[in-house]
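Below: one structure, written as structure tokens.
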Amino acid sequence: QLQLVESGGGLVQPGESLKLSCTGHEYTFDYRAIVWFRQAPGKDREGVVCIDRRGESTDYYLDSVRGRFTVSKDNGRKTAYLQMDNLKPEDTAVYYCAATSTYGPCTTTYDLIPYWGEGTLVTVSS
């Protein structure tokens, strides 16, 4: 029953920034970790970064985004964010937010992730 809606994607040039939003439309958003995934053209979906249900700790799954991407979570607004700085062409992908089982830890195990957004396209091109 938890609906997740991503927004903020678009076309940018290398070196520019974007901030993605993921808004939950049901109260259990507060009790779930939020995981950002991405899927580049012709490639498998991969986990990017996760933030725990309280917004207190993060897990990075890609070395290539460390120092450039920052995840946050605001339960008052029922929104998680992905701030992406110094974007590179290889960051081009559809970005998805996903919510874990209630009270569960950060994970990229699909069986433990019952809710997904429909994705927002980020294109980094010169």
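At a glance:
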| read-out | value |
| --- | --- |
| Straight-distance crosslink candidates among lysines, where the alpha carbon sits under 21 Å from LYS43 and sequence neighbours closer than 8 are dropped | LYS88 |
| For the range 36-51 and the range 53-70, distance of Cα centres in Å | 13 |
| Charge dipole (the chain, unit charges on Cβ, about Cα centre) - positive-most of TYR110, SER17, ASN75 | ASN75 |
| The range 1-104, accessible surface, carbon-and-sulfur percent (1.4 angstrom probe) | 42 |
| Per-residue ³J(HN,Hα) for the range 89-102, Karplus 6.51 cos²θ - 1.76 cosθ + 1.60, θ = phi - 60°, Hz, x for Gly and Pro | x, 5, 7, 4, 5, 7, 9, 10, 9, 9, 10, 7, 4, 4 |
| Size of electric dipole in the chain: Cβ of Lys, Arg +1 and of Asp, Glu -1, about Cα centre, debye, nearest 20 | 160 |
| Accessible area per residue in Å² at 1.4 Å probe, computed on the chain | 51 |
| Normalised convex hull volume, the chain, alpha-carbon set, Å³ per residue | 92 |
| Chain lengthening between SER72 and GLU26 when straightened (0.36 nm per residue, less Cα-Cα) | 14.7 nm |
| Selected from VAL5, SER64, VAL48, residue furthest toward positive end of dipole (the chain; charges at beta carbon) | VAL5 |
| Spatially proximal lysines relative to LYS73 (Cα-Cα < 17 Å; intrachain offsets below 8 disregarded) | LYS19 |
| Longest exposed-site-free window of the chain, the sites being GluC sites (Glu not before Pro) in a DSSP loop that have at most 15 other C-beta atoms within 10 Å | 57-117 |
| Within the range 64-121: Cβ-based charge dipole about Cα centre, in debye rounded to nearest 20 (Lys, Arg +1; Asp, Glu -1) | 200 |
| Point-to-point label distance, GLN13-GLU46, nm (Cα→Cβ direction, 7 Å offset) | 2.6 |
| Restricting the range 34-111 to chymotrypsin sites (Phe, Trp or Tyr not before Pro) in coil, as DSSP defines it, with at most 13 other Cβ within 10 Å | TYR103 |
| Potential lengthening between ASP59 and THR109 on full extension [0.36 nm per residue; Cα-Cα distance subtracted] | 16.6 nm |
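The values are calculated or read from the model by the stated rules, or taken from the named source; none is laboratory data. Since we're looking at a predicted model, the values are computed, not measured. Quick reminder, even Gly has a Cβ in these numbers, built from the backbone with ideal geometry, and neighbours come from all protein chains shown. Remember, those area values only see protein heavy atoms, side chains included, never the ligands or the DNA or RNA. Shrake-Rupley method; radii C 1.70, N 1.55, O 1.52, S 1.80 Å.
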